[in-house]
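A short write-up of the structure that comes next.
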Amino acid sequence: MSLSILSRLDRGEIVDEPFPYLHREEALDPLLYAELAGAYPSLRQLLGDRPPGNNQLFNVAAYQVMDDPAMPAIWREFFAYHCSAAFLKEVLAFWGKAIDAEYPQLADWLGKPLSQVRGARRAAGKDKTEANRSADVMLDVQFSVNTPVTEVGTVRVPHIDNPWKLFAALLYFRMPGDDSTGGDLLLYRLTGKHFHHDAQMNVPEHFLQPFHTVSYRPNALIMWVNTWRSFHGVTPRSVTEVPRRYINFLGECYGLSTGGFFPKRRTLAGRARSSLRRLVGARDV
């Protein structure tokens, strides 16, 4: 039985506009999903001593999971495959046409043909460390949980992911008996030609229109190529004692000659604040 999230998908299911994505219900083999779901760590295991707060996001990365013998073996094996060179090769083959359409200069940006692109497991520190520049594409898998809700609201408003990211995927592990509402992922398109985002890459809703809903259901998968048009956000969840659970997959490229796959679109005020923070930081040093 294949561990890959791509094993039951078909390239013909990829939707190209307004950005390349694929949504599949029952993405994993049901037997594999059941085994993984039964071994999904508890909220206490994932948070440790950290307070849960209200509807907060917590991630536990692959380097933490794979180096922890207390984690279930099936999960360590699952994480290991999705941080491997074999998985990167599979991703580039599956999404190759869409990636090439979005980024035809990618080989030039990386300084090598795609057949020679190397991947590695992402370490702590993201783009701040030399370890995460050791390969062309740094792969990560994360246990992701949104904590129980005491006040109705969204864990994330519409946004785009950071410009270093080449692809992303979410695989939902909704708990049995979870009768809460909301927590679905909305995909958005622009209503006009212009938009801007803040420092967290959040985009005001008046620039956007939702066009597709990925319901928060067990074994549902959404995967996409990250572009400046890949807008997405989470619908508000009702008050509940149950966490929202999923696995986050990503591939990021910290050594691009361009500095990122696309430029940021900050407001003038946002750019001024960033410049001021950099200036103050330089003076503090």
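The values are calculated or read from the model by the stated rules, or taken from the named source; none is laboratory data. All values derive from a computational prediction rather than experimental measurement. Backbone-built Cβ (ideal geometry, glycine too); neighbour counts: all protein chains shown.
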Inset, instruction - Answer yes or no: is there a residue in segment 160-171 that is closer than 26 Å to F261 by Cβ, in contact with a Gly (Cβ under 8 Å, 6 or more places away or on another chain) and acidic (D, E). - result: no
Inset, instruction - Might you check whether a residue that is of a type in the set (A, V, I, L, M, F, W, C), in contact (Cβ under 8 Å) with a residue 12 or more places away in the chain and either in contact with a helix residue (DSSP H, G or I) (Cβ under 6 Å, 6 or more places away or on another chain) or assigned to a helix (DSSP H, G or I) (or both) occurs anywhere in segment 121-135? - result: yes
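Residue by residue, here is whether (1) touching a Phe, Trp or Tyr at 6+ places or on another chain (Cβ under 9 Å); (2) more than 30 Å from H196 (Cβ to Cβ) holds:
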site	(1), (2)
Q105	no, no
G119	yes, yes
K126	yes, no
Q142	yes, no
V145	yes, yes
A169	yes, no
Inset, instruction - Check segment 59-80 and report whether any residue there is closer than 28 Å to T235 by Cβ, of a type outside the set (A, V, I, L, M, F, W, C) and touching a strand residue (DSSP E or B) at 6+ places or on another chain (Cβ under 8 Å). - result: yes
Inset, instruction - Determine which single condition A34 fails, assuming it passes every other condition in (1) more than 21 Å from N226 (Cα to Cα); (2) crowded, with 17+ Cβ neighbours inside 10 Å; (3) hydrophobic (A, V, I, L, M, F, W, C). - result: (2)
Inset, instruction - Select from segment 119-141 the residues that are of a type in the set (D, E, K, R) and either crowded, with 17+ Cβ neighbours inside 10 Å or more than 20 Å from the chain's Cα centre (by Cα) (or both) and list them in ascending order. - result: R121, R122, E130, D136, D140
Inset, instruction - Could you grab me the full set of residues in segment 4-31 that are of a type in the set (D, E, K, R) and surrounded by 17 or more Cβ atoms within 10 Å (Cβ to Cβ)? - result: R24
Legend entry - strands (runs of 3 or more DSSP E) completely within segment 137-256 that count 2 or more residues being farther than 30 Å from D29 by Cα and out of contact with any Cys (no Cβ under 6 Å at 6 or more places or on another chain): 185-190, 208-214
Legend entry - Single condition P104 does not satisfy, out of (1) surrounded by fewer than 19 Cβ atoms within 10 Å (Cβ to Cβ); (2) under 20 Å from the mean Cα position of the chain (by Cα): (2)
Legend entry - Test: R50 is basic (K, R), modelled with pLDDT under 95 and surrounded by fewer than 19 Cβ atoms within 10 Å (Cβ to Cβ): yes
Inset, instruction - Please enumerate the residues belonging to segment 55-74 that are in a loop (DSSP other than H, G, I, E, B) and either over 21 Å from the mean Cα position of the chain (by Cα) or of a type in the set (D, E, K, R) (or both). - result: D67, D68, P69, A70, M71, P72
